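The values are calculated or read from the model by the stated rules, or taken from the named source; none is laboratory data. All values derive from a computational prediction rather than experimental measurement. Here the Cβ positions follow ideal geometry from the backbone for every residue, glycine too, while neighbour counts run over all protein chains shown.
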Amino acid sequence: MTTPALLGIALASIALLLLLIIRFQVHAFVAMMLVSILVAFAAGLPVGDIVPTLIQGMGGTLGSVAILVALGAMLGRVIEVSGGAGSLAHRFTGLLGPKRVPAALTAAALVLSIPVFFDVGFIILVPIIYGFCKAAKVDPVKFGLPVAGIMLATHVVVPPHPGIVGGAAVLGADVGWITLIGLAVCLPLAVLSQYVSAWLNRRRIEMLPATAEQFAAFDAGSNEKARLQAPGVGVVLTLIVVPLLLIMIGTTGATLLPKGDPVRAVLGFIGAPVFALMVAIGLAFFLIAKRQGWSNAKTNEVMESALPPAATVILVTGAGGVFAKVLTATGIGAALSTTISGAGLPLILAGFVISLALRAAQGSATVAILTTCGLLAEAVSSGGYSTVQVALLAVAIGFGGLGLSHVNDSGFWIVTRYLGLSVADGLRSWTVLTTVLGVAGFLLTALIWALV
């Protein structure tokens, strides 16, 4: 099929997806599965390959997301029900004052997101965001939006996250320089995330009924008796910091030690997000459940109550993986990137635009970054660029993977569902925020490029 035809199918599929979800209120899972099938037929994917492609897309995504979402939700629920999140929120709100809490949360998120994948880190912070918002009497989106924005910005440009590390390997870029440049650009982006989020939140955004009910039932330790019975701040911080430290150990080992090193394999196992969250669940059992006198039945009940809200996030995330897989299998992603690379743009701008377009088309920032680096690798290697310039090119491509997060992105559904945003409100807030941060990050990177 011709490139224009494939590009037309891509645009039509995204338009149909938005129409089904926003105008006709079709459930996002059903809408994405339906559109994925229609795209497969329209692009000429062999009939015998359609169902296996759908299954592969669902399985590949759920294999990495479902366990993390479920464990993270269970951990957050234990902290929530015990009153621990509320205890922590009241303590820090009292120390910092309500006006400084959003900035403090965003700064903490910037640091925590360096070693931790975006989805995992945000899910771990959700109960803390809820607790702070309860204490400040504001909706979760007020504090959660800037936190999510800077966490995703760090995820796409700061090693050891997979997209930028893999992209660096493809381009032959220096990881050290990428880290320095990425962190330097993310610092002002953290401030920008605060201001843009405040502007986007200038009007009250109505929470989804399910999230509103969940947030209303959230125990933020609003009375003195509840706060006295709640776990201490040290316990709550331990449950948050321990899995983050384990993940940091794993990623540090993977960065510093050569492949095949047995120590690297052990550290990789210890630092796997699934293992880290399992350790946190075990600690929560002893530090909260047992100390509070919960029976095993009570503990199971609390953990199981976290799963119904997480189920929707998991299913929709899986459907996003199906949509992305179909776009890849039909050649639409390749057609899009080839078209843009042939437009004669400066290399740093072409890298950003291709990555941004791929991100919008198939949803995964990691795939967008790696694909773009692969397309431009020959041009970079033959261009005579300095070490710093190659690192800047990699960072610019990374920021392309930040923008235009929408309905085919698992992060979109995690953020919108936990913050209570409808699809339309998510597009008006989260999609706008990620795009502004992506463009701003690229402009700052381009400025450095001009100076060097």
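Numbers at a glance
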item: Residue match in segment 365-386 (condition: surrounded by fewer than 24 Cβ atoms within 10 Å (Cβ to Cβ), under 16 Å from MET151 (Cβ atoms) and modelled with pLDDT under 90); result: yes
item: Selected residue (criterion: surrounded by the fewest Cβ atoms within 10 Å (Cβ to Cβ)) from residues of segment 183-198 that are under 21 Å from LEU427 (Cα atoms) and small (Gly, Ala, Ser); result: ALA198
item: Wholly enclosed helices (runs of 4 or more DSSP H) of segment 14-119 bearing at least 2 residues at pLDDT 75 or above and under 26 Å from LEU427 (Cα atoms); result: 28-42, 47-81, 101-112
item: Unique residue being assigned to a helix (DSSP H, G or I), touching a Phe, Trp or Tyr at 6+ places or on another chain (Cβ under 8 Å), surrounded by 15 or more Cβ atoms within 10 Å (Cβ to Cβ) and modelled with pLDDT of 85 or more when the list is THR299, THR238; result: THR299
item: Segment 231-265: number of residues that are out of contact with any helix residue (DSSP H, G or I) (no Cβ under 8 Å at 6 or more places or on another chain), free of Cβ contacts under 8 Å to residues at least 24 places away in the same chain and β-branched (Val, Ile, Thr); result: 1
item: Tabulated pairs, segment 199-214, first surrounded by 14 or more Cβ atoms within 10 Å (Cβ to Cβ) and of a type in the set (Gly, Ala, Ser), second in a loop (DSSP other than H, G, I, E, B) and modelled with pLDDT of 85 or more, C-beta under 7 angstrom, 6+ apart or interchain; result: ALA212/GLY420
item: Scope segment 264-278; condition assigned to a helix (DSSP H, G or I) and over 13 Å from MET74 (Cβ atoms); matching residues; result: ARG264, ALA265, VAL266, LEU267, GLY268, PHE269, ILE270, PRO273, PHE275, ALA276
item: The one condition in (1) assigned to a helix (DSSP H, G or I); (2) at pLDDT 90 or above; (3) more than 24 Å from MET207 (Cβ to Cβ); (4) under 13 Å from the mean Cα position of the chain (by Cα) that LEU402 fails to fulfil; result: (1)
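Residue-wise test of (1) within 20 Å of GLY144 (Cβ to Cβ); (2) surrounded by fewer than 22 Cβ atoms within 10 Å (Cβ to Cβ); (3) at pLDDT 85 or above.
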site	(1), (2), (3)
GLY166	no, yes, no
VAL175	no, yes, no
VAL242	no, yes, yes
THR252	no, yes, no
LEU256	no, yes, no
PRO273	no, no, no
